[in-house]
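The values are calculated or read from the model by the stated rules, or taken from the named source; none is laboratory data. Quick caveat, the model's predicted, so the values are computed rather than measured. Glycine also receives a Cβ, built like all others from the backbone with ideal geometry; neighbour counts cover every protein chain displayed.
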Amino acid sequence: MQLAPNLHRIGSDHVNVYLVADDTGVTVIDAGISGLWQEFLAELLAMKRTLDEVRAVLLTHGDTDHIGFAERLRRDHGVPVYVHRGDAARARGEEKTSPSWGEVKVVPLLRFLTYAGLRGGLRTRHLTEVRELEGGEELDLPGRPRVVPMPGHSPGSVAYYVPAVEAVFVGDALTTKNVLTGVPGPQPAPFTDDPALAIESLRNIEGLDAVWVLPGHGPPWSGGVAEAVRRIREVAAAQGT
């Protein structure tokens, strides 16, 4: 679906994938889960674009529900996949983690697991090759994304700020709906390695001039970055994070 000119989303509030387009091609931000491949192809068609116009996949971090069809694009179509060096091993499947889940409600959890399971969430193909990011750079890719370090959810979590579409893509640095509780609104994301560090990292985006805050899970937020960050800090304070 189109969120704004040159800004598209596939997936659902459970798992999001985003596409940014300009005259030079298409940048894919996160690759969700593998079963979103056909939806991805359909969205390219709706955009009047082709696979040959996809210039890169940018991963916000290396978790399995974000790398989805990235290896397929890399292996079969020669599309480079970028991830911060702190998450490169995770994206290649060389590093296992067991972060705290936090509060869980049965019905939202089952909905999330069912959605992911039916779309290949249990059949993830890890990357065999990635291009490593340092953080802070501007990439010569469609939309001219800027890499914003956001450690906390994982060591190499980043956001991508794309002024051309007034958006910041935050991965799991935050969420706008907790998939484990069903609670809506901007809040800390579950499955986070270091929750306190994740809250500290919000300062890296709160001054950005973006309308859209686009998470890996949850609905798109169009209320601006500052308001999203304010709400997350309120929730974190109430939780004692």
Open item on the list: Among (1) modelled with pLDDT of 95 or more; (2) in contact with a Leu (Cβ under 9 Å, 6 or more places away or on another chain), there is one condition G35 misses while meeting the rest; what is its number?
Closed with: (1)
Open item on the list: Given the criteria at pLDDT below 95, touching a helix residue (DSSP H, G or I) at 6+ places or on another chain (Cβ under 6 Å) and more than 22 Å from A56 (Cα to Cα), does R111 qualify?
Closed with: no
- [ ] Determine whether P219 is under 14 Å from D13 (Cβ atoms), surrounded by 15 or more Cβ atoms within 10 Å (Cβ to Cβ) and at pLDDT 95 or above.
- [x] yes
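In this structure, is V104 in a loop (DSSP other than H, G, I, E, B), loosely packed, with under 15 Cβ neighbours inside 10 Å and either of a type in the set (G, A, S) or in contact (Cβ under 8 Å) with a residue 24 or more places away in the chain (or both)?
Spelling it out, V104 is indeed in a loop (DSSP other than H, G, I, E, B), loosely packed, with under 15 Cβ neighbours inside 10 Å and either of a type in the set (G, A, S) or in contact (Cβ under 8 Å) with a residue 24 or more places away in the chain (or both).
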Open item on the list: Going by what's in this entry, would V179 be described as assigned to a strand (DSSP E or B), among the aliphatic types (A, V, I, L, M) and within 19 Å of V17 (Cα to Cα)?
Closed with: no
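Looking at T124, T128, which is the one that is modelled with pLDDT under 95 and of a type in the set (V, I, T)?
On the way: T128 fails: modelled with pLDDT under 95.
Result of the check over T124, T128: T124.
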Task: Test set (1) part of a loop (DSSP other than H, G, I, E, B); (2) free of Cβ contacts under 8 Å to residues at least 60 places away in the same chain - G218 fails condition number - done: (2)
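Just to check your reading of the model, which residue among L127, L141 is more than 15 Å from G86 (Cα to Cα) and either of a type in the set (A, V, I, L, M) or not in a strand (DSSP E or B) (or both)? Steps first, please.
Values: L127 fails: more than 15 Å from G86 (Cα to Cα).
From the options L127, L141, the qualifying one is L141.
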Task: Given (1) surrounded by 14 or more Cβ atoms within 10 Å (Cβ to Cβ); (2) in contact (Cβ under 8 Å) with a residue 60 or more places away in the chain; (3) over 14 Å from T124 (Cβ atoms), number of the condition V79 does not satisfy - done: (2)
Task: Residue among G62, G32 that is closer than 25 Å to E137 by Cα, touching a Lys or Arg at 6+ places or on another chain (Cβ under 7 Å) and part of a loop (DSSP other than H, G, I, E, B) - done: G62
